[in-house]
Amino acid sequence: MNVGLEHYLTVSFLLFALGLLGVVMRRNLLVIYMSLELMLNAANLALVSFSRFNDKLDGQVLVFFIITVAAAEVAVGLALIVALYRKRQTAHVEDLTSMKL
Amino acid sequence: MKYEILPWLTLFLPIFSAAAITLFTLKHRNVSALISIGAIVAGFVMTLVFIGANGFQINTETAVNWLSIGQAPSGLQIDFGLKLDALSLMMMLIVTGVGGAIHIYSYGYMDEDRSKARFFAKLSLFTFSMLGIVLSNNFIEMFIFWELVGVSSYLLIGFWFEKPSAADAAKKAFFTNRLGDFGFLLGILMVWSAASSLNFAGVQDALKWSPAIAESLGTIGGLLIFCGAMGKSAQFPLHVWLPDAMEGPTPVSALIHAATMVAAGVYMLCRTLFLFNADALHVIAYIGGFTSLLAALIAVQQNDIKRIIAYSTLSQLGYMVMAVGLSGPTPAMFHLTTHAFFKALLFLAAGSVIIGMHHEQDIWQMGNLRKKMPVTFWTFLVGALALSGVPPFSGSYSKDSILAQALEQKNYLLFGVAVFVAALTAFYTFRLFFVVFFGKEKSKAASHAHESPLVMTLPLVALAVFAAIGGFIGIWNNYGSQFIAEHETLSVVQQVLEPLKNIGPMLAGLAAAAVGIFVAFSLYKNVTSDPLPAKLGGLATAMKNKFYFDELYEATFIRAHDFIATVMDVIDRWFVEGFCIGLVRGGTDFTGRALRLVQTGNLQTYAFLFVLGVAVVLYLVLGK
């Protein structure tokens, strides 16, 4: 079987949808966070495949940047979640509704 | 025209002085007083210089455009200008001259008052406004100054605002004046719509060249304008505020409520005489005559020294208005001028008595003051003789000219009224005179009365001189040149003998004065209480209670007004606020509450909606 661009994109779309589903459905902040990372990587996969099939390196360079920034972002996000847990003794989104009037 | 700057300076110096006092010298009482006195005396000198250079017979305008709407010939053009002719120049002399004497007098009168500086600031503001009325060359400018005069009168009547009666009197004066001013404003609008001009000269020309305009203006336009004069000059039925205005300090009564402001109405009638047709003049004449009779009757039974003079002022204003109505602006202005002299004199002398009596105003507490206060006594006598119309004092000349005007117009009813009022005037004036200055001391304060200081008696003497000789120093000549086309200038001797040419009115006036003085003498020489109520019975009570006009207004107009106010309150509270505003407010509130439910505070709901939004945007962008 010849693997084409559409296959990669389908995988990327499935990954993205799974991540989105996780963000919307799951209750634990850590899991939501992981789902977010999944969506990020779905985008990365799409970029890499476009880059490969267009015979250009721009997309792959961009992916490196995204991975770097994502690493920094994960560090900050995890720190925030830990800080939040310490303050509220919970990491469940149902308990974090102080934005409600 | 030489020295055009002088009238401008005269007009604006008092307002500068008022501003300077209010902003800088409010703490320094005597400095403030001197600034104010300086401004008005300088104005008087500048007016004299201006008249010396140009004479009385000029008739010019100097103006700057203040407001212009639309194209130049057809649109609304309002100037800020000065009209300089015999009429306004004489009035300037009165305002700055008599006003100056009163300013100087106030320096002594207000000496013990802790708000002396504030008093002089207001006095200067008033002088500015009054000069503005006198000098304006169009209706709008006059109306603005007209209102300013109302405001400064309000401030000065309520000068002792901690007294409730003074605060009430100030309000009453202001409201009653506003009532008249409303008519005045409507009249101005009518003039504008009929003549498309608001400049006095412009309107006069328009009326002269086109009878159609005069017709469209009609009687109503004239009477609406007269409403303004009715308020300011306190004519029936708006006369009720003037006696109450005596709650203000006595110099204020002399300056505003005798010599100048109340004369503004008469002045305005003379200035706009061309607007009135025969019917309007008739109404004006009868209102004036009725006011003068009514006020003279009330004055007979008053016991407060200032109120008696106040009602006398009302009565004399009625005289002037009647003279205008009898198409005699010259006698009206003549009487206005002499009245300014002798009535200011009477008020200031009364003020001197009040100070001497330590703020006692009831004449039945006084008595035998002629020995204790000789200067006040003699100057008061001059004023009283002038007011009663005894020749050769100034009042007799002007009063005779009004009587002669009534005869000339063959209005025998008003002539009779005027003669009767002249007798009453002499009667109540000398009733006051005998009770206050003759007989026995009726209280301890009267025995300990003392003469006022020089700063108060000097203005009295100056005014007394003019009250005595005002009849033949050329006032008639000057006004004559304004109103009478072929006018001959008379020498002083001719002016002294002028009444003899018209012997009928002169004899009538003289007889009336003699009868009045004689009756007053026989009734009031050496009495300790008023013998009149016993003789007149119910009439005296009615006179004493001012013919119940205050009570009548209270029961009718004020009640009706309160009723309308209640209805309006209900409409405002339930319809406007409850229904109209309530609907808008309630609607907004409801929508807000509904939209608030969207804010769940749940992170994932937000994320889901966010994604949904992106999906919708993507569909809209890419889907088609």
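Under 5 Å between amide hydrogens, which residues at least 5 positions from B:Ser136 or on another chain qualify, with H placed 1.01 Å from N in the peptide plane?
Those qualifying (amide H under 5 Å, at least 5 residues apart or on another chain) are B:Lys83.
Which angle between 0 and 90 degrees, to the nearest 10, do you get for helix A:5-25 versus the longest principal axis of chain A when only C-alpha atoms count?
10
How large are Rg and Dmax for segment B:247-400 when calculated on the C-alpha trace, in angstrom?
According to the Cα coordinates of segment B:247-400, Rg and Dmax are 16.1, 54 Å.
Quick check: the angle from helix B:559-570's long axis to the longest principal axis of chain B, C-alpha only, nearest 10 degrees?
Compared with the principal axis, the helix lies near 10 degrees.
How about B:Lys535: which lysines have a C-alpha closer than 20 Å to its C-alpha, ignoring those fewer than 8 places off in the same chain?
Result set, ordered by chain and number: B:Lys525, B:Lys544, B:Lys546.
Just want to confirm a number: the relative contact order over chain B, from Cα pairs under 8 angstrom separated by 6+ residues, in percent.
Numbers: 1024 pairs, mean separation 74.6, N = 624.
Normalised by residue count, the contact order of chain B is 12 percent.
Could you estimate the translational diffusion coefficient of segment B:449-495 from the Stokes-Einstein equation, with Rh from the Kirkwood formula over C-alpha pairs, at 25 °C and 0.890 mPa s, in whole µm²/s? It would help to have the intermediate numbers written out before the result.
Details: Rh = 13.0 Å.
D = 189 µm²/s.
For segment B:427-472, take N as its residue count and report Rg(C-alpha) divided by 2.2 N^0.38 Å.
Details: Rg = 14.1 Å, N = 46, 2.2 N^0.38 = 9.4 Å.
My calculation over the Cα atoms of segment B:427-472 gives 1.50.
Pull out the extension gain between B:Ala201 and B:Lys440, defined as 0.36 nm times the separation in residues minus the alpha carbon to alpha carbon distance; nm, one decimal.
Working: separation 239, 0.36 × 239 = 86.04 nm, distance 5.82 nm.
Taking B:Ala201 through B:Lys440 to full extension adds about 80.2 nm, to one decimal.
Could I have the simple spin-label model distance between B:Phe182 and B:Gln71, label points 7 Å from Cα toward Cβ, reported in nm to one decimal?
3.8
So what J values fall out for segment B:40-57 if you push phi through Karplus, 6.51 cos²θ - 1.76 cosθ + 1.60 with θ = phi - 60°, rounded to Hz, Gly and Pro as x?
6, 5, 4, x, 4, 4, 5, 4, 4, 4, 4, 5, x, 7, 10, x, 7, 7
Using only the alpha-carbon atoms of segment B:477-624 as identical scatterers, what base-10 log of I(q)/I(0) does the Debye formula give at q = 0.16, 0.20, 0.21 Å⁻¹?
One equal scatterer on each Cα of segment B:477-624 leads to -1.10, -1.20, -1.25.
Work out the FRET efficiency for B:Ala607 and A:Leu57 from their Cβ-Cβ distance, taking R0 = 35 Å, and round it to the nearest 0.05.
Working: r = 34 Å, r/R0 = 0.96.
Working from the Cβ atoms, E equals 0.55.
So if I take the alpha carbon set of segment B:65-106, get Rg, then get Rh from the Kirkwood formula, what is the Rg over Rh ratio?
On the way: Rg = 17.0 Å, Rh = 13.0 Å.
My calculation puts Rg/Rh at 1.32.
Return the sequence-ordered ³J(HN,Hα) values of segment B:117-130 in whole Hz as given by the Karplus equation 6.51 cos²θ - 1.76 cosθ + 1.60 applied to θ = phi - 60°, using x for Gly and Pro.
5, 4, 4, 6, 4, 5, 4, 5, 4, 5, 4, 4, 4, 5
Using helices alone, what [θ] at 222 nm do you get for chain B, with -39,500 (n - 2.57) per DSSP H run of 4 or more residues, divided over all residues and rounded to the nearest 500?
Details: 29 runs with 449 residues, N = 624.
Value at 222 nm, helices only: -23500 deg cm²/dmol.
What lysines could a cross-link reach from B:Lys2, if we take a straight Cα to Cα line under 23 Å and drop same-chain neighbours fewer than 8 places away?
Cross-link targets: B:Lys83.
Cα to Cα, under 20 Å, and not fewer than 8 places away if on the same chain: which aspartates and glutamates meet these conditions relative to B:Lys171?
Here the aspartates and glutamates satisfying the reach criterion relative to B:Lys171 are B:Glu147, B:Glu162, B:Asp181, B:Asp244, B:Glu247, B:Asp550, B:Glu551, B:Glu554, B:Asp562.
How large is ³J(HN,Hα), in whole Hz, for each residue of segment A:29-35 in order, when computed from phi with the Karplus curve 6.51 cos²θ - 1.76 cosθ + 1.60 and θ = phi - 60°, using x for Gly and Pro?
4, 5, 5, 4, 5, 5, 4
Lysine pairs in segment B:292-437 with alpha-carbon atoms under 21 Å apart, 8 or more places apart or on different chains: how many are there? If you can, show how the numbers build up before the last one.
Working: B:Lys306/B:Lys343; B:Lys306/B:Lys372; B:Lys343/B:Lys399; B:Lys399/B:Lys410.
Final tally of qualifying lysine pairs is 4.
For chain A, go through all pairs of different Cα atoms, get the mean of 1/r, take its inverse, and jot down that Kirkwood value in Å.
Numbers: mean 1/r = 0.0651 Å⁻¹.
Taking every pair of different Cα atoms in chain A, averaging 1/r and inverting gives 15.4 Å.
Could you estimate the translational diffusion coefficient of the protein assembly as shown from the Stokes-Einstein equation, with Rh from the Kirkwood formula over C-alpha pairs, at 4 °C and 1.567 mPa s, in whole µm²/s?
Numbers: Rh = 30.8 Å.
Roughly 42 µm²/s, to the nearest whole number.
Taking the Kirkwood radius as the inverse of the mean 1/r across Cα pairs, report the Rg/Rh of segment B:3-136.
Numbers: Rg = 16.7 Å, Rh = 15.7 Å.
The Rg/Rh ratio comes out at 1.06.
How big is segment B:324-428 in terms of Cα radius of gyration and Dmax, in angstroms?
16.1, 50
Expressed as a rounded percentage, what relative contact order does segment B:76-182 have, with Cα pairs under 8 Å and six or more residues apart?
Working: 86 pairs, mean separation 28.9, N = 107.
Relative contact order comes out at 27 percent.
Which value results for Rg/Rh of chain B when Rg is the Cα radius of gyration and Rh the Kirkwood radius based on the inverse mean 1/r? Write out the running numbers ahead of the final one.
Numbers: Rg = 29.4 Å, Rh = 26.3 Å.
Across chain B, the Cα-based Rg/Rh ratio is 1.12.
Evaluate the Debye formula for segment B:268-320 with equal point scatterers sitting on the alpha carbons, no solvent, and hand back log10 of I(q)/I(0) at q = 0.13, 0.17, 0.23, 0.25 Å⁻¹, in q order, two decimals.
Normalising to I(0) and taking log10 leaves -0.38, -0.57, -0.80, -0.87.
Under 8 Å for C-alpha pairs, at least 6 residues apart: give me the relative contact order for chain A, rounded to a whole percent.
Details: 77 pairs, mean separation 26.9, N = 101.
Result for chain A is 27 percent.
Computed from the coordinates by the stated procedures, all read-outs in this text should not be read as laboratory data. Source: prediction; values computed, not measured. When we count neighbours, we look across all protein chains shown, and the Cβ atoms used for this are built from the backbone with ideal geometry, even at glycine.
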